[in-house]
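Notes follow once the structure below has been shown.
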Amino acid sequence: MKPWQWILSSMVLAIIVGAVINITCVVSMEPDLEFNRVGSSLIAVFDYIGTIFMKLLKMIIVPLVFTSIVVGIAGLGKTAGFARLGGKTIAYYAMTSLIAILVGLTVVNVFKPGLVDGKPNEAILKQISDNKDAYADKISTKLAGQDGGFDAVTNLFIRMIPENVFEAFGANNKMLALIFVSLLTGVGLIFISKKGRTSVFGFFEGLNELTLLITRWIMWLAPIGVFGLVAETTAQTGLPILLLLAKYFLVVAAALLIHLLVVMPLVLKFVAGVNPLKHFYAMRNALLTAFSTASSSATLPITMSSLKENAGVSERVTSFVLPLGATVNMDGTALYECVAVMFVAQVLGFDMSFGTQFTVVILALLTSVGVAGVPSASLVAITIIVYNVGIPNAEAVIGLILAVDRPLDMTRTAVNVFSDSCGAVVVAKSEGESVLEDWKEDVPEIGGD
Ligand code: ASP
């Protein structure tokens, strides 16, 4: 079996194992203490495995992003063309996020998941009023300390500059600062003396090769890590709430799939002029990792190596478009924010005029830029939008959707990551690169000559 087939098989196995645990141990109609104890011990083991895999991925992000950007820029030896590259990238991000939001808005208006026969869904309302305080508490605990609202957008440039260069290397959520410091270093290297450039550049080039190799090693553990993450999620997703919110769940999933399987392939075909199937195949490992981790940031190392090694996109484009994309371009998240806000309004019987829906579109576009690439991060943005359009008493509804957030988060993260990768292909093709010329298999060797 090929590596991606291992990952896919372990994901399927994890769903089966997780579902069995869910049904027998966690949500059985007559909970048996012994069973519940077995269930929670197994969940703890899955969590342990999943956490190790996530930490390994996160561990490699900082050196990978730094060395890729430095090598991508300084390797070319010229600064001409960067403004053009930046312009195209931002235009792509804005356009595709807007399209994603409009897809979500259309689907939620057609299917109205919060209503039954034109009226707010009574069963959902009852569930909320019975557990009002618990849901409101859940959401406030989740929001505490999370970043990602308007402040995150308006302070974009402030967040970009670290107090101290080393701060940029300190934590994964300092991605913008890391990109800024890397860009400065890459551009600066072009202007220093040849002697200085050669030694520093050679060092970073070697380091970059090393981080890619370590990424490949980490991917060997992906089948096990993915098993832990997916089994834990499946075992813990509350079945009764999932059934109660089934229509909402299906509407979100359908809208995300339309964006992933219709809009993105059309962009690839008609804007970039490449075969969408080849691109899906090239990004297979990244898609599976994004789905299991629900974090675009943790997936970044795999997205970068898949694009370079399988799709053949240059270091220059990959290193510029992807780290930025993982932080600011979130099509799936933007779409989800819009659907979730509309759902909250429907459940609470709040009238959403055309003007208010327009406001939701703009706010979803802006806040998706500030949302961090970590699990459940969009809940902050949803709370902010709901508050800004003036929907009263919405905390409990948001708390309720938090209960089924993880599977939807996994799907929207896969969409986020895929859109970033399509952006890199679009930009690379427009720069005259030849990408996706053939069907590349995973690189099997350990690396080096
Ligand atoms: N989990 C998403 C990501 O990492 C963000 C979100 O929508 O919550 O891309």
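Ranked by the mean number of other Cβ atoms within 10 Å of their residues, highest first, the peptides 109-120, 250-261 fall in the order 250-261, 109-120.
Taking the helices alone, the chain has a mean residue ellipticity at 222 nm of -23500 deg cm²/dmol, built from -39,500 (n - 2.57) per DSSP H run of at least 4 residues and averaged over all its residues. Probing with 1.4 Å while keeping every protein chain in the model, the per residue accessible area of the chain equals 43 Å².
Taking a sphere under 12 Å around the Cβ of Ala340 and counting the other residues whose Cβ falls inside, with K and R at +1 and D and E at -1, yields a net charge of -2. Extension gain, Glu122 to Ile161, is 9.1 nm, computed as 0.36 nm per intervening residue step minus the present C-alpha separation.
A dipole drawn for the chain from +1 and -1 charges on Cβ atoms has a positive end, and of Ile7, Ala340, Ser97 the residue lying farthest that way is Ser97.
Note on Gln5 and Tyr48: their simple-model spin labels are 3.2 nm apart, each label 7 Å out from Cα toward Cβ. For the peptides 197-206, 311-320, 211-220, residues were scored by their other Cβ atoms within 10 Å and the scores averaged per peptide; the highest-first order is 311-320, 211-220, 197-206. Label positions at Val271 and Trp217, each projected 7 Å from the Cα along the C-beta direction, are separated by 3.8 nm. Do the alpha carbons of any pairs in Lys88/Lys308; Lys174/Lys429; Lys195/Lys308 sit beyond 27 Å of each other, and which pairs? Correct reply: Lys174/Lys429; Lys195/Lys308. With θ taken as phi - 60° and the Karplus curve 6.51 cos²θ - 1.76 cosθ + 1.60 applied, the whole-hertz 3J(HN,Hα) list for segment 213-229 is 5, 5, 4, 5, 5, 4, 5, 4, 7, 4, x, 6, x, 5, 4, x, 5 Hz, x standing for glycine and proline.
Only one residue of Val426, Pro265, Pro301 has its Cα farthest out toward the positive end of the dipole of the chain, where Lys and Arg carry +1 and Asp and Glu -1 on Cβ, and that residue is Val426.
Looking at segment 76-119, what % of the alpha carbon pairs are farther apart than 14 Å?
Result for the distance tail: 67 percent.
Close amide H pairs (under 5 Å, H built 1.01 Å from N) link Val116 with Asn121, residues at least 5 positions away or on another chain.
When both segment 258-301 and segment 337-407 are represented by their alpha-carbon centers, they are found 25 Å apart. Each label point was placed 7 Å from the Cα along the Cα-to-Cβ direction; for Ser40 and Leu76 their separation is 5.5 nm. With a ≥ b ≥ c taken as the square roots of the eigenvalues of the C-alpha gyration tensor of segment 30-136, please select rounded if a/c is under 1.5 and otherwise prolate if a/b is larger than b/c or oblate if it is not? Oblate, because a/c is 1.5 or more while a/b does not exceed b/c. Across segment 294-300, coupling constants 3J(HN,Hα) worked out from phi with the 6.51/-1.76/1.60 Karplus curve, θ = phi - 60°, read 6, 9, 5, 5, 5, 7, 3 Hz, and Gly and Pro carry x.
Which value, in debye to the nearest 20, describes the size of the charge dipole of the chain about its Cα centre when Lys and Arg Cβ atoms bear +1, Asp and Glu Cβ atoms bear -1, and nothing else is charged? For this selection, approximately 960 debye. Remark: segment 340-352, residue by residue, has Karplus-estimated 3J(HN,Hα) of 5, 5, 5, 5, 4, 4, 4, 4, 8, x, 8, 6, 9 Hz, where x stands for each Gly or Pro and the curve is 6.51 cos²θ - 1.76 cosθ + 1.60 at θ = phi - 60°.
For the chain, relative contact order (Cα pairs under 8 Å, six or more residues apart, normalised by length) works out to 30 percent. For segment 215-332, just say rounded, prolate or oblate: build the C-alpha gyration tensor, square-root its eigenvalues into a ≥ b ≥ c, call rounded for a/c under 1.5, and beyond that prolate if a/b exceeds b/c, oblate if not. It comes out oblate by the Cα gyration axes. Summing Cβ point charges (Lys, Arg +1; Asp, Glu -1) relative to the Cα centre of segment 38-188 gives a dipole of roughly 480 debye. For the set Leu184, Leu229, solvent exposure ranked by accessible area (probe 1.4 Å, protein chains only) runs largest to smallest as Leu184, Leu229. Considering only protein heavy atoms and a probe of 1.4 Å, how much of the accessible area of segment 317-449 is carbon and sulfur, as a whole percent? Carbon and sulfur: 59 percent of the exposed surface of segment 317-449.
By accessible area, using a 1.4 Å probe on protein heavy atoms only, segment 1-108 has 76% of its surface on carbon and sulfur.
Please compute the length gained on full extension between Ser199 and Asp137, using 0.36 nm multiplied by the number of residues separating them and subtracting their Cα-Cα distance.
16.8 nm
For the peptides 233-241, 84-92, the ranking by packing is 233-241, 84-92, with the highest mean count of neighbouring Cβ atoms within 10 Å listed first.
The values are calculated or read from the model by the stated rules, or taken from the named source; none is laboratory data. This one's a predicted model, so the numbers in the text were calculated from it and none came from an experiment. Cβ atoms come from the backbone with ideal geometry, glycine included; neighbour counts cover every protein chain shown. Areas reflect the complete protein model, heavy atoms only, side chains present, ligands, DNA and RNA absent. Shrake-Rupley method; radii C 1.70, N 1.55, O 1.52, S 1.80 Å.
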